[in-house]
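Here's the structure we're looking at; comments come further down.
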Amino acid sequence: MQTRVISLLVEDNPGVLTRMSGMFTMRGINISSLTVSPCEKPGLSRMTVTIEASESELEKVRKQLSNLIEVIKVVDLKEHDAIIRDLCLMKVHTKNVEARTEVMQLAESYGAKIADASLDSLILELADEPERIDRFIELMKHFGIKQLFRTGITAIARD
Amino acid sequence: MAGKKLSGAEIVVEELKKEGVEVAFGIPGGALLDFYEALQQAEEIRHILMRHEQCAAHAADGYARVSGRTGVCIATSGPGATNLITGLTNANMDSSPVVALTGQVPTSAIGSNAFQEASTFTITMPITKHNFLVTRAEDLPRVIHNAFYIANTGRKGVVLVDLPKDVQASKVEVELHPEETFPGYKPNINPNKVQTKKAAEALANAERPLILAGGGVISAGATEELRTLAETLGAGVVTTLMGKGAIPESHPLCLGMAGMHGRIYANRALNECDALLALGTRFSDRLTGWQLDQFAPDATLIQVDVDAAEINKNIPVDIPIVGDVKLALSDILKWLKKESIREGSVWLQRVKEMHSACEECIKDIHRPGSSVSDILIKELNNILDDDTIITTEVGQCQMFAAHYYMTKKPRTFISSGGLGTMGFGFPAAIGAKVAAPDKQVVDIAGDGSFLMTCHDLATCVENDIPVVVCIFDNRYLGMVRQWQELFFDKRYSHTNLGITPDFIKLGEAFGCYAERVEKPEDLKSALKNAFESGKPAVLDMIVGKEDKVLPMIPPGGGITGMIGTERCRRV
Ligand SMILES: Cc1ncc(C[n+]2csc(CCOP(=O)(O)OP(=O)(O)O)c2C)c(N)n1
Ligand SMILES: [Mg+2]
């Protein structure tokens, strides 16, 4: 089992998402992250799907996805030749001045932005590789995370 | 034809005509009133009113398998559409080209649990090759054109078009007969030359080449190429259930159907070959058995399939070829011309010997150990002509037919392979007879299966579709009973069908010709009477209650582990 990132170019029709996700459901594969958005071509969307699967499962699913009429292209993004990003928004407790200063320093060193602040919490925003976000979240847990949102992975292949 | 205002229903009918649709099987309903109004005005299209939507789908499927043309079935919204499901799943699993048109509640009511609303679009997504929910009449020309294009190209399958009531009724001005297709649909037709060359070399260098012909050979119209290649190579040919008819089973190189209920030498050959060319088959477990180490263990495996997703799916392949079987075979044959083919090999002798052993067993009608069921099918080989179309239900009846019936021509053995649907054979026979009115059509039926769809005898009688249903009357869900006998110590849990109905009275109630066949010797005259009656016919053939389809691969076994082989001739 490995984490796999698949990028799909699809027609932007109602039902495409169900059709696509059905391919994974049929095989009992869990989708751990999914992003859908318009792309450079009008009428088409790009989906980035992250799954846990073996090499052979991935191969079968990739071919079956290609068979879907509304799927125009399927790319299996290998980690080394793709740029992978995730966006994280979180609300962190900052009960006292020390905690607040510490959180702000750590945020700075991770390149996270302070999106909003209140007296006893900060909203942090970090767009980065998913693993770095994981590490940042681990750190912030020490202070107490009130709420956490991640958009899920989006990825682009290098030339 | 731009400039003229047409209703959505009229547009659909115009596009059906343009696609050359000559017949459709269906049942109307509230959500299809506009469509049926337009359909009635199209003289080019014959509509056959069925008695159940499942039968409409099976009939369209049977029509498609016999003619190679896309079958069309029609059902109203809600229950009409849900009744279609079994038939559509069946057709799609066997890659049969069918277009289904369904009525739907008005777009404004979709999602409101309106009367007779079912979400046909989402329900049919996993059981179709593609489906459409049309929300604007303007989209209809492109949708209908593509429905037919997608259904009958690449790996064939089912396309469903859901037509909301208001879309059928609304009048719009559109350009008819578009040619435009979808950017994401480009079937892989042309095989890679490097791969076909490799395949040709592997086959030419093999000592014991074997060809495994699946339904893809028939679907691609590649039966001539298959035969030429087998003869050129001196290769044996075995088939799957779906591939029955890809080569005449009387051909000295043909060893018949392989697999769980296959012929013993077909399985032997699969075990012994050193190169295996698999054509248009998906290596289902009914073919391979469960001990994959017995399946072609020494063979270089070459797989040709038009669907890339089938390659390497169930069995690892050495030389994959994605493309149309006919084109791939022509390419392989071209490459082979340059190679020298050995003649009179030991393997060729062995294949011929195995073929004659099988053929002898089948010709030897009263061979010791034969059951009445065996004998009836063996008799059919002598009674029916080569053009007769056989359809089958599912169960022992089906496997007796697959095992003993000698299919001579492609598209004359029609059976439910992937889904194994009881009740398929009879409505499929209706579609077959409509596609080929000049041919005799015989459904080899189980008593259990036939009762699932027998109401459509009314359709046959009303529309003058004289098919002959030959019921294997064992008053059991025989195949399940056989498994209970062999593997559950004869504990017959809920497989006894009792004593009803009287199939003669049933047939007669519908206005059919009906006759009981008490002994296999009477089959010939009964069939003669049935055909001569010119009516749909029901023959109630009394078989041994505990007849078994043997030999077989027991559950968990492999292709060399068949049981019940005592009756086979050894070579
Ligand atoms: C629709 C459906 N329901 C259940 C089954 C499971 N099943 C497979 S064979 C069989 C028995 C078929 O009985 P019959 O049609 O009488 O044929 P026989 O085996 O007796 O020749 C059953 C119940 C099936 N294949 N299809
Ligand atoms: Mg029975």
State whether one or more residues within region B:415-429 are among the aliphatic types (A, V, I, L, M), within 16 Å of ligand 2 (Cβ to nearest atom), open to solvent by 20 Å² or more (accessible area, probe 1.4 Å) and part of a helix (DSSP H, G or I). no
Looking at region B:463-480, is at least one residue surrounded by 24 or more Cβ atoms within 10 Å (Cβ to Cβ), outside any helix (DSSP H, G or I) and not hydrophobic (A, V, I, L, M, F, W, C)? yes
Can you confirm whether B:Met93 is under 18 Å from B:Pro427 (Cβ atoms) and within 14 Å of another protein chain (Cβ to nearest Cβ)? yes
If you take the residues in region B:447-492 that are hydroxyl-bearing (Ser, Thr, Tyr) and away from ligand 1 (no atom under 12 Å from the Cβ), which one is farthest from the other protein chains (Cβ to nearest Cβ)? B:Tyr492
Name the residue, out of B:Ala308, B:Ala299, B:Ala278, that is small (Gly, Ala, Ser) and either farther than 18 Å from B:Ala204 by Cβ or out of contact with any Asp or Glu (no Cβ under 9 Å at 6 or more places or on another chain) (or both). B:Ala308
Is there a residue being closer than 22 Å to B:Leu176 by Cα, in a helix (DSSP H, G or I), among the aliphatic types (A, V, I, L, M) and in contact (Cβ under 8 Å) with a residue 12 or more places away in the chain anywhere in region B:38-49? yes
Would you confirm whether any residue within region A:29-52 is more than 14 Å from chain B (Cβ to nearest Cβ), farther than 30 Å from A:Gly111 by Cα and not in a strand (DSSP E or B)? yes
Just to verify a result, which residue in region B:488-501, among those that are in contact (Cβ under 8 Å) with a residue 12 or more places away in the chain and among the hydrophobic types (A, V, I, L, M, F, W, C), is surrounded by the most Cβ atoms within 10 Å (Cβ to Cβ)? B:Leu497
Scan (1) open to solvent by 50 Å² or more (accessible area, probe 1.4 Å); (2) touching a Lys or Arg at 6+ places or on another chain (Cβ under 7 Å) for the single condition B:Val194 breaks and write down its number. (2)
Residue pairs meeting the criteria (Cβ under 6 Å; at least 6 apart or on separate chains; first of a type in the set (Lys, Arg), in region B:467-487; second open to solvent by less than 10 Å² (accessible area, probe 1.4 Å) and modelled with pLDDT of 95 or more): B:Arg481/B:Thr495
Got a sec? Which strands (runs of 3 or more DSSP E) wholly within region A:60-150 have at least 1 residues that are open to solvent by less than 60 Å² (accessible area, probe 1.4 Å) and within 14 Å of another protein chain (Cβ to nearest Cβ)? A:71-77
Which of the following residues is closer than 30 Å to B:Ile264 by Cα, in contact with a helix residue (DSSP H, G or I) (Cβ under 7 Å, 6 or more places away or on another chain), at pLDDT 95 or above and in the same structural domain as B:Tyr405 (by TED's automatic domain parsing): B:Gly511, B:Gly558, B:Gly478? B:Gly478
Give the residues of region B:173-186 that are facing chain A (nearest Cβ under 10 Å) and surrounded by 17 or more Cβ atoms within 10 Å (Cβ to Cβ), sorted by residue number. B:Gly184, B:Tyr185
Within region B:460-472, can you find the residues that are in contact with a Phe, Trp or Tyr (Cβ under 7 Å, 6 or more places away or on another chain) and within 16 Å of ligand 2 (Cβ to nearest atom)? B:Val469, B:Ile471
Does B:Ser345 count as open to solvent by 60 Å² or more (accessible area, probe 1.4 Å), at pLDDT below 95 and of a type outside the set (Val, Ile, Thr)? no
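Results for (1) touching a His at 6+ places or on another chain (Cβ under 8 Å); (2) among the small types (Gly, Ala, Ser); (3) surrounded by 24 or more Cβ atoms within 10 Å (Cβ to Cβ), shown as yes or no for each residue.
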| residue | (1), (2), (3) |
| --- | --- |
| B:Asn188 | no, no, no |
| B:Ala204 | no, yes, no |
| B:Gly221 | no, yes, no |
| B:Gly234 | no, yes, no |
| B:Cys254 | yes, no, yes |
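Quick grid of which residues meet (1) within 12 Å of ligand 1 (Cβ to nearest atom); (2) in contact with a strand residue (DSSP E or B) (Cβ under 7 Å, 6 or more places away or on another chain); (3) farther than 24 Å from B:Trp483 by Cβ:
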site	(1), (2), (3)
B:Thr388	no, yes, yes
B:Thr392	yes, yes, no
B:Thr407	no, yes, yes
B:Pro410	no, no, yes
Only one of A:Thr25, A:Thr94, A:Thr48, A:Thr35 is hydroxyl-bearing (Ser, Thr, Tyr) and in the same structural domain as A:Phe143 (by TED's automatic domain parsing); which? A:Thr94
Region A:1-25 residues that are closer than 25 Å to B:Asp139 by Cα, paired with ones that are among the acidic types (Asp, Glu) and at pLDDT 95 or above (beta carbon under 6 Å, 6 or more apart): A:Val10/A:Glu70; A:Glu11/A:Glu70; A:Asn13/A:Glu70; A:Val16/A:Glu70
Would you check if B:Ile444 is more than 16 Å from ligand 1 (Cβ to nearest atom), outside any helix (DSSP H, G or I), touching a residue at least 60 places away in the same chain (Cβ under 8 Å) and assigned by TED's automatic domain parsing to the domain that holds B:Ala514? no
Among residues of region B:441-459, those that are within 17 Å of the chain's Cα centre (by Cα), small (Gly, Ala, Ser) and more than 14 Å from ligand 2 (Cβ to nearest atom), counted: 0
What tally of residues in region B:253-272 results from selecting those that are part of a loop (DSSP other than H, G, I, E, B) and more than 17 Å from B:Gly561 (Cα to Cα)? 1
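The values are calculated or read from the model by the stated rules, or taken from the named source; none is laboratory data. Keep in mind it's a predicted model, so treat the numbers as computed, not measured. Neighbour counts run over all protein chains shown; Cβ positions are idealised from the backbone, glycine included. Accessible surface is based on the protein model in full, side chains and every heavy atom, while ligands, DNA and RNA are left aside. Shrake-Rupley method; radii C 1.70, N 1.55, O 1.52, S 1.80 Å.
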